[in-house]
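The values are calculated or read from the model by the stated rules, or taken from the named source; none is laboratory data. Keep in mind the model is a prediction, meaning the values are calculated, not measured. Every residue, glycine among them, receives a Cβ derived from its backbone with ideal geometry; neighbour counts consider all protein chains shown. Areas reflect the complete protein model, heavy atoms only, side chains present, ligands, DNA and RNA absent. Shrake-Rupley method; radii C 1.70, N 1.55, O 1.52, S 1.80 Å.
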Amino acid sequence: MAGLAKFNKVREKPLVLISPLNWGLGHTTRCIPLIHELLDQQCEVIVLCSSSQRRLLEIEFQSLTFFEGPGTSLVYGRNKVLTIIRLLFQVPKILTRVKQENRWLQQFLGSRPVDAIISDNRFGLHAPGIPCIFITHQLRIKTGLGPAFDAMAQRMNYRFIEKFTACWVPDFKEPNAMAGELSNPALQPNIKITHIGGLSRFERCTTNPTDLLLVILSGPEPQRSILEKKIMKDLANYKGSAIVVRGLMGNEALPAAPPSVQIFNHVPAARLNELICAAAIVISRCGYTTVMDLLKLQKKCIMIPTPGQAEQEYLAKHLHKKQLAYTVTQNQFSLTEALREAEKFSFKKIDHSMEEYKLHVAGFVKALKENRE
């Protein structure tokens with residue numbers, strides 16, 4: 001942490017800038033436990049995020065300072081092939097946004113220097129002389145285009161990651177990895193890599209599940225809406241009680257539903273925690289933050305990867321093989337069939353504590369404080 005001494009000598013608390021990627025809300029929610037721990041360790045925290053991310057974080061935190069800067073929103077197709085094509089054409093836009101992020105950061109630091117930066121998958125948020133932590137569970141990138149493209153994407157990924165001081169991986173080392181080879185590749189970048197265990201904002205369940213079916217929707221459009229329509233059609237004939245959380249932060253009109261089905265655009269974290277614990281089974285996307293949440297709560301789940309999102313398609317196969325989740329493709333999904341197959345599935349549970357990250361954050365903050373003395 002050489003070179004840091006010139007910063008922030010007048011403040012009693014270390015000042016940490018944290019910024020989650022704004023592709024959906026998963027990166028934001030998995031930063032919540034990190035922010036809590038930074039505050040518990042007597043840090044001052046400021047957040048770079050979008051307006052929708054800010055609305056979510058303001059529910060959880062009342063005393064954070066927020067800044068809005070450049071972000072990237074991706075456009076997905078209506079099927080797997082179109083999604084892959086669209087993502088490829090958006091690579092130049094992503095690279096441009098990385099440069100804009102870094103320019104924004106340099107200007108920001110000129111007026112408000114910080115003691116450390118924690119970036120969840122935002123490649124441009126690094127600066128010389130400041131400890132800069134990059135957070136990702138994807139050291140190995142899955143493109144959906146085969147091994148040659150995967151290797152090329154990994155090399156590009158590492159060129160960006162190696163500009164940071166260190167990389168925190170929210171997963172366990174093999175053989176207990178939740179993300180498989182995504183988080184534990186044979187080839188790793190040339191900076192310090194630390195597996196900090198899982199990250200989840202939820203508390204472990206203390207009550208027994210009911211017969212509730214819980215559906216948690218998330219992810220990019222139009223695929224989020226496509227899956228919602230598919231599930232709502234099947235729920236029209238469902239005989240039990242169900243709750244659908246649409247994963248929308250706005251006040252959009254709710255779709256029609258039978259009396260046994262409750263629908264919410266969004267529910268606060270504490271309430272969602274209660275609903276997951278009460279559910280007999282959860283249906284969700286295969287986003288990694290959702291994976292960590294459901295495995296921490298040891299919940300039986302049916303996961304449906306977003307078509308064309310190769311990372312989720314890999315995760316689905318990995319989790320199914322390890323018997324951590326029952327998975328099915330969106331095209332093959334039928335509520336009745338999925339519930340029947342999940343009933344026969346031999347679910348295993350993650351027994352490892354998801355509190356390990358606290359030790360790493362505490363050690364990181366201790367080093368920051370020692371460097372400022």
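This table checks each residue for (1) under 24 Å from Q332 (Cα atoms); (2) without any contact (Cβ under 8 Å) to a residue 40 or more places away in the chain.
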site: G219; (1), (2): yes, no
site: A236; (1), (2): yes, yes
site: G250; (1), (2): no, yes
site: P259; (1), (2): no, yes
site: C277; (1), (2): no, no
site: M292; (1), (2): no, no
Would you call G144 at positive phi and under 21 Å from the mean Cα position of the chain (by Cα)?
yes
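Rundown of residues vs (1) within 20 Å of L315 (Cβ to Cβ); (2) open to solvent by 60 Å² or more (accessible area, probe 1.4 Å), yes/no style:
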| site | (1), (2) |
| --- | --- |
| N208 | no, yes |
| L217 | yes, no |
| P255 | no, no |
| L275 | no, no |
| A279 | no, no |
| D293 | yes, no |
Every residue in the range 320-338 that is of a type outside the set (S, T, N, Q), part of a helix (DSSP H, G or I) and touching a residue at least 60 places away in the same chain (Cβ under 8 Å), please.
L335
Any residue at all in the range 291-304 that is at pLDDT 95 or above, part of a helix (DSSP H, G or I) and over 17 Å from the mean Cα position of the chain (by Cα)?
no
Do the conditions hold for S241, that is, is it hydroxyl-bearing (S, T, Y) and under 26 Å from the mean Cα position of the chain (by Cα)?
no
Could you list, in sequence order, the residues of the range 39-54 that are under 17 Å from D120 (Cα atoms), surrounded by fewer than 20 Cβ atoms within 10 Å (Cβ to Cβ), of a type in the set (A, V, I, L, M) and free of Cβ contacts under 8 Å to residues at least 60 places away in the same chain?
none
Of all residues making up the range 321-346, the number that are closer than 22 Å to E311 by Cα and open to solvent by 40 Å² or more (accessible area, probe 1.4 Å)
6
Among the residues of the range 345-370 satisfying the criterion of being of a type in the set (D, E) and assigned to a helix (DSSP H, G or I), which is farthest from the chain's Cα centre (by Cα)?
E370
Collect the residues in the range 9-48 that are in contact with a Cys (Cβ under 9 Å, 6 or more places away or on another chain) and not in a helix (DSSP H, G or I), keeping them in residue-number order.
K13, P14, L15, V16, I18, S19, P20, N22, V47
Determine whether the range 174-195 contains at least one residue that is of a type outside the set (S, T, Y), touching a Ser or Thr at 6+ places or on another chain (Cβ under 8 Å) and in contact (Cβ under 8 Å) with a residue 60 or more places away in the chain.
no
Residue that is surrounded by the most Cβ atoms within 10 Å (Cβ to Cβ) [pool: residues in the range 155-188 that are charged (D, E, K, R) and in a helix (DSSP H, G or I)]:
E181
Qualifying position, being open to solvent by less than 10 Å² (accessible area, probe 1.4 Å), touching a residue at least 60 places away in the same chain (Cβ under 8 Å), in a loop (DSSP other than H, G, I, E, B) and among the small types (G, A, S), among G198, G124, G144, G129
G198
Just to verify a result, which residue in the range 219-240, among those that are touching a strand residue (DSSP E or B) at 6+ places or on another chain (Cβ under 8 Å), in a loop (DSSP other than H, G, I, E, B) and under 20 Å from L339 (Cα atoms), is most open to solvent (accessible area, probe 1.4 Å)?
Y238
Expected single match for among the hydrophobic types (A, V, I, L, M, F, W, C), over 19 Å from I231 (Cβ atoms) and in contact with a Leu (Cβ under 9 Å, 6 or more places away or on another chain) among L319, L339, L275 is L319
If you scan the range 241-253, which residues turn out to be among the small types (G, A, S), assigned to a loop (DSSP other than H, G, I, E, B) and either more than 20 Å from G24 (Cα to Cα) or open to solvent by 70 Å² or more (accessible area, probe 1.4 Å) (or both)?
S241, A253
Positions within the range 257-271 being open to solvent by less than 50 Å² (accessible area, probe 1.4 Å) and in a loop (DSSP other than H, G, I, E, B), in sequence order:
A257, P258, S260, N265, V267
How many residues are part of a helix (DSSP H, G or I), buried (at least 16 other Cβ atoms within 10 Å of the Cβ) and at pLDDT 90 or above if we restrict to the range 55-70?
1
